[in-house]
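Working notes, beginning with the structure itself.
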Number of protein chains: 2
Amino acid sequence: MTNDNVYLGMDIGGTNTVLGIVDEKGKSLARISFRTRSDEPFSVFLSNFEKEFTTILSDFNKPLYGIGVGAPGASNKSGVIENLENFNWGRVEIAKILTRKYNKPVKIINDANAAAIGVMKFGLASDLKFFLQITLGTGLGSCAVINGEIVSGYNGMAGELGHTKVFKGNRMCSCGKRGCLESYVSAEGICRTVFELLSSEREESGLREYTYSNLTSRIVTDFAEKGDSIAVKAYNRTGTILGEKLADTVSLFNPKAIVFSGGVVSAGDFLFEPMTIALEDSLLQMHKNSVEIRVSEPDINYAVLGAASLVMNNNGSKINET
Amino acid sequence: MTNDNVYLGMDIGGTNTVLGIVDEKGKSLARISFRTRSDEPFSVFLSNFEKEFTTILSDFNKPLYGIGVGAPGASNKSGVIENLENFNWGRVEIAKILTRKYNKPVKIINDANAAAIGVMKFGLASDLKFFLQITLGTGLGSCAVINGEIVSGYNGMAGELGHTKVFKGNRMCSCGKRGCLESYVSAEGICRTVFELLSSEREESGLREYTYSNLTSRIVTDFAEKGDSIAVKAYNRTGTILGEKLADTVSLFNPKAIVFSGGVVSAGDFLFEPMTIALEDSLLQMHKNSVEIRVSEPDINYAVLGAASLVMNNNGSKINET
């Protein structure tokens, strides 16, 4: 049984915030994106949000039932966002603020957990109870699901795969540590690897014409598709580092599958082929050839879908966090 | 309300097997140890077990209620031990064999999970719902507990922290992979580090008089206590490697505490001081100074206690595996 309601899912990222209008089957009806401007106070974000929210909603004459928010550092228990690295927001009672403003149900959740809920309810993980969800985008979001429940940890800060240390790695990460996986396999990490290769190798490459500031992982993929060997090598190196590290998480969590989403998955085999080789090479004997790799369509934002689902009434498959 | 029953807990290890008679409060009434002789067929183990079992039981005139077994590769669902690295046993239906022989309840469980149950029911983790249990002995056993439930994974093989890869490590591990944490921080790993240091450093050390085959981690600790600088450095290096790797697991699981047991904990501050420094250095900002380190008495075998508790009737704090 369906109803006519629509739901707003919001995915607040370090660079961009995505708003999506979703029906209760997880179909994305409209999507809009704007700069988060995390270096400004929260009030700036809020007034941008209001504008975009009004715009996206104006096309619908269906009732908006509620708002679900996925954000880094969000606590579903307190409804508060706080302690965000590289955000100038301080402590924001976002659930209370939005509820008061719009008089609708508002729920918030950590962004990586939102993506895991999205793939469980509407995506590649609808048949899975034991899996790792990995979002490859501006950062690396991750979430472990065990027996259908999201692993949140003692105080909701579990699942920081992006800040585990890679083998022999020494890159400075945005978190202030060195060698974090995120600094290698996020969108920017791939660009950093391109610059590493441009410095260490001598072969010609169209990528030699880009500044660091202008390079994106999308551009690297475009060059890889044209056979540019620096671009291909950058993905080889990225995939290898990711695969090695995933072997560790398989040893710890013993998942049935690893599910990937986020913009970077558009790199396809350039990334996932070397990743799978490195993963299989690094797995314990008992895990070899047993872990499924599932990759979502790059243009589905599962964090938006998962966040929106938090305020849906038909929460048939109950989502628990432990 | 107590009763008069006693329970047998068995901890089958790669080198030794420990039998313990335990009362229902987890008090160890007697303990005996014998060589597992894992290179021989299971029938050899079984006949040794029968002899030792008769010996240890002969001192008690209380009724033996049941037998709990902790073993690597043990499945609590099937009652079977199989796929043990370095064991010549093949597939052993140990629960069925022991039940038929002694006409008592028999339950089996993975050895690392047995230790986690032991510390939850009778030990340092009785107040904890989110923790990592690490047994430092012949190998490195580990088990994550989330919301009071043991993480077993999709097919019971989670918790292999010992086979995650250390930063820059390249040692051959007993599992056939290189760089596994176990090959650095197990009892033998510490001895290997001593030999590494004896080769790379020039300072005098009593440890230069030992063969590889005769050296034990206990001897290394004795030398550290006498101020032998190779011994102290070996523990420094071991603790640092362990601490760095634990930071990864804190990022993934967000535990309230890490609980250590096993013979190697007798090294005390020689191990845990450098470990804590490296852990704190490597933690994400949000986790710094938040993870408790709890170290058990070295002579308590929590795997024996946890295994024995499996057949206790008063299983008040229900143990679940997910």
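The values are calculated or read from the model by the stated rules, or taken from the named source; none is laboratory data. Just so it is clear, the model here is predicted, and its values are computed rather than measured. Glycine also receives a Cβ, built like all others from the backbone with ideal geometry; neighbour counts cover every protein chain displayed. Accessible surface areas use protein heavy atoms only, side chains included; no ligands, DNA or RNA. Shrake-Rupley method; radii C 1.70, N 1.55, O 1.52, S 1.80 Å.
Per-atom-type breakdown for the protein assembly as shown gives carbon and sulfur 47% of the accessible area (1.4 Å probe, protein chains only). Region A:1-89 gives an Rg/Rh value of 0.99, both radii derived from C-alpha positions and Rh following Kirkwood. Kirkwood radius and radius of gyration were both taken over the C-alpha atoms of region B:1-159, and their ratio Rg/Rh is 0.95. When the other protein chains are added to the chain by itself, burial of at least 40 square angstrom of heavy-atom accessible area (probe 1.4 Å, ligands and nucleic acids ignored) affects these residues of region B:149-187: B:154, B:157, B:160, B:164, B:165, B:167, B:168, B:177. Solvent exposure of region B:1-144, expressed per residue, is 45 Å² of accessible area, with all protein chains present and a 1.4 angstrom probe. Between copies, the label points of residue B:54, set 7 Å from Cα on the Cα→Cβ line, lie 9.0 nm apart, reported in increasing order to one decimal in nanometres. Spatial offset of region B:142-172 relative to region A:241-297 amounts to 17 Å, using the alpha carbon center of each. When chains B and A come together, the accessible area they lose, probed at 1.4 Å and totalled over both chains, is close to 3500 Å². What percent antiparallel are the DSSP beta bridges of chain B, to the nearest 5? Of all bridge pairs located within chain B, approximately 55 percent are antiparallel. On a per residue basis, region A:208-312 carries 37 Å² of accessible surface, using protein heavy atoms and a 1.4 Å probe.
Using only alpha carbons, region A:159-215 has a radius of gyration to Kirkwood radius ratio (Rg to Rh) of 1.03. Residue pairs exceeding 18 angstrom between C-alpha atoms, taken from A:25/A:121; B:51/B:77; A:165/B:165: B:51/B:77. Of all segments of chain B bounded by chymotrypsin sites (Phe, Trp or Tyr not before Pro) found in a DSSP loop with no more than 15 other C-beta atoms within 10 Å, the longest spans B:61-211.
Binning the C-alpha pair distances of the protein assembly as shown at 20 Å intervals from 0 yields a P(r) profile of 18, 47, 28, 6, 0 %, listed from the shortest bin outward.
Projecting the alpha carbon convex hull of region B:119-230 along each direction and taking the average yields 9.3 nm².
Average 1/r across all pairs of distinct alpha carbons in chain A, invert it, and you get the Kirkwood radius: 20.2 Å.
Cross-link partners of residue A:288 among aspartates and glutamates, defined as those whose alpha carbon lies under 12 angstrom from its own and excluding same-chain residues fewer than eight positions apart: A:280.
Of the DSSP H helices in chain B, those with a Cα length along their own long axis of 15 Å or more and a mean Kyte-Doolittle hydropathy reaching 0.0 comprise B:42-58, B:111-122, B:187-200, B:229-253, B:269-282.
Residues of region A:227-251 that lose at least 50 Å² of accessible area (1.4 Å probe, protein heavy atoms only) when the other protein chains are present, relative to their chain alone, are A:248, A:251.
Our compactness index for region B:15-62, the C-alpha radius of gyration over the empirical 2.2 N^0.38 Å, is 1.25.
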